[in-house]
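Have a look at the structure below, then the notes.
The values are calculated or read from the model by the stated rules, or taken from the named source; none is laboratory data. Computed from a predicted model, the values in this text were never measured in an experiment. Backbone-built Cβ (ideal geometry, glycine too); neighbour counts: all protein chains shown. Ligands, DNA and RNA are stripped out before the accessible areas are found, and what is left, the full protein with its side chains, is counted by its heavy atoms. Shrake-Rupley method; radii C 1.70, N 1.55, O 1.52, S 1.80 Å.
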Amino acid sequence: MNVKTGYAQSKAVAERLVLEAFRTRKVPSVHVYRPCAISGHMVTGYGNTNDFTTLLILACIACKAAFQNPEVPIHWIPVDEVAHIIAVESSARRSRNSRTCTDTNPQQKQVTNMVNPSYSTTLTNAVGVLNQAMGYSIRAVTLGEWSSLVDSAVQDTNTNSTTNNTLFPAKPLLLTTFTQHRHMLPPTFTTSTTTTTTTSTDTSEILLPPAPTQPNNADSSNNNNHNSAHPRHSHSLRDYIRTCFQYFVSHGFFPPP
């Protein structure tokens, strides 16, 4: 995991503490989940207003502009899908551990990267949903122009006060992420595994299947399908993005078009 930001560093430290407890306290089993950017609920759109990608979209709305170079990949995974996977996987893991944690194999640990290509998009496509499906008018500008516009929008006392107050503390991160640390997006995860004579280490990646064309019509023959995948809803990525954005508009976090 890239650890150049305080947020990423806090994640790395937390994971290290858990694995250290596993090693020194003889915790029988540890499972670390690493989801991509957790996004809104698949049905209601309910999401985290403090998420970096949400603040990025809000900044584009506030200054009525978005940049296309560098293109920003956004790797979302819906919050209800994350919760379902962790619940099912944890339950299944406890069952497996009761059979495998023996005197000769007393401890097990696993790190799981959670990704879902069905919900991966780009900033350009997300802004396209705002313009084409929701009535916003956001123009394309250079990264330098965008940075200046965001800075001006945050300082402008005529800007919606809720938007201004929300973006002000996030401004340094928004303005430096793409100019100084372009490599930070998309979030990527690399896992180094170590084994000892008393520890079984398992690393995996949950690659969820794409949404079906009909409700609950997952292709069980796909070898990439994970048996704990949440039942898919019949909607397109565009519909999902609009649902999430409409939630933020209806609750006053995004200013209306």
5 angstrom amide H check on Phe67, placed H, neighbours 5+ away: Val141
If the label point sits 7 Å along Cα→Cβ of Gln246, residues of segment 39-79 with amide N under 16 Å come out as 40-47
If amide hydrogens are placed 1.01 Å from N in the peptide plane, which non-local residues have theirs closer than 5 Å to the one on Val32? Gln110, Val111, Thr112
Please list 9-21, 126-138 highest first by mean number of surrounding beta-carbon atoms within 10 Å per residue. 126-138, 9-21
Excluding ligands and nucleic acids, what accessible area in Å² is computed for Phe253 using a 1.4 Å probe, to the nearest 10? 20 Å²
Under 27 Å from Lys11, Cα to Cα: lysines that are on another chain or at least 8 residues apart: Lys26, Lys109, Lys171
Contact order relative to length for segment 1-57, counting C-alpha pairs under 8 Å separated by 6 or more residues, stands in percent at 15 percent
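Set the Förster distance to 35 Å, then compute FRET efficiency between Ala140 and Lys11 from the Cβ-Cβ distance, nearest 0.05. Could the numbers behind the result be given before it?
Working: r = 33 Å, r/R0 = 0.93.
Calculated transfer efficiency: 0.60.
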